[in-house]
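Taking it in order: structure first as structure tokens, then the write-up.
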Amino acid sequence: MPRYSAIVTVLAVAFYFFIATRVGAARQKFGVKLPAIAGHPDFERVFRVHMNTLEWMPIFLPLLWLCAIYLSDIGAAALGLVWIVGRILYFSGYTQAVEKRRPGFFIQSMACALLLIGAIAGIVTSF
């Protein structure tokens, strides 16, 4: 069983949960009432980090597990940690200014690209 990738999965979900709490805090701080998703630019950036992370989770998690199962649990987990670091940098940058989101986005997208390559390579070589 891919134990390291399981740990990374839990960490990724915990990070997503943390970001969800930041949306609630931003709603209160900037006075954006439910069900609104727009209003104050600072709230909107926190909300976009949350939504963008949600959009990437169905890309990241299957690739993490396919790479772990078919190629290397340790390698997949290491790339998974890189993905989480990228998401943290994305969160940190984007909540400050739109322009600051790029480094974190690049890091996490490259981690996913490498997981995709690893998953394909592992699957192909398993035949």
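The values are calculated or read from the model by the stated rules, or taken from the named source; none is laboratory data. Quantities reported herein were computed from a predicted structural model and do not represent experimental measurements. Note that we place each Cβ from the backbone using ideal geometry, even for glycine, and neighbour counts take in every protein chain shown. Areas reflect the complete protein model, heavy atoms only, side chains present, ligands, DNA and RNA absent. Shrake-Rupley method; radii C 1.70, N 1.55, O 1.52, S 1.80 Å.
Residues in region 76-97 that are open to solvent by less than 30 Å² (accessible area, probe 1.4 Å) and of a type in the set (Gly, Ala, Ser): Ala76, Ala77, Gly80, Gly86, Gly93, Ala97. If you go through region 16-72 and keep only what is of a type in the set (Phe, Trp, Tyr) and closer than 16 Å to Tyr90 by Cα, you end up with Tyr16, Phe17, Phe18, Phe43, Phe47, Trp56, Phe60. When Gly104 is tested against (1) of a type outside the set (Ser, Thr, Tyr); (2) open to solvent by less than 60 Å² (accessible area, probe 1.4 Å); (3) in contact (Cβ under 8 Å) with a residue 60 or more places away in the chain, exactly one condition is not met: (3). Look at region 20-48: where a residue is touching a residue at least 24 places away in the same chain (Cβ under 8 Å) and a partner is in a loop (DSSP other than H, G, I, E, B) and open to solvent by 60 Å² or more (accessible area, probe 1.4 Å), sitting 6+ places away or on another chain with Cβ atoms under 7 Å, you get Phe47/Ile37. Before we move on, is Gly75 touching a residue at least 24 places away in the same chain (Cβ under 8 Å) and within 13 Å of the chain's Cα centre (by Cα)? Spelling it out, it is not the case that Gly75 is touching a residue at least 24 places away in the same chain (Cβ under 8 Å) and within 13 Å of the chain's Cα centre (by Cα). Across region 1-48, the qualifying residues are those that are more than 23 Å from Ala68 (Cβ to Cβ) and β-branched (Val, Ile, Thr), and the one among them that is most open to solvent (accessible area, probe 1.4 Å) is Ile37.
With the requirement that a residue be more than 11 Å from Ala111 (Cβ to Cβ) and either among the β-branched types (Val, Ile, Thr) or in contact with a Lys or Arg (Cβ under 8 Å, 6 or more places away or on another chain) (or both), what does region 50-87 give you? Selection gives His50, Thr53, Ile69, Asp73, Ile74.
Within region 49-75, count every residue that is closer than 19 Å to Ile117 by Cβ and either open to solvent by 50 Å² or more (accessible area, probe 1.4 Å) or of a type outside the set (Ser, Thr, Tyr) (or both). Residues in region 49-75 being closer than 19 Å to Ile117 by Cβ and either open to solvent by 50 Å² or more (accessible area, probe 1.4 Å) or of a type outside the set (Ser, Thr, Tyr) (or both): 18 in total.
Leu114 passes every criterion in (1) within 19 Å of Ile74 (Cβ to Cβ); (2) open to solvent by less than 80 Å² (accessible area, probe 1.4 Å); (3) aliphatic (A, V, I, L, M) apart from (2).
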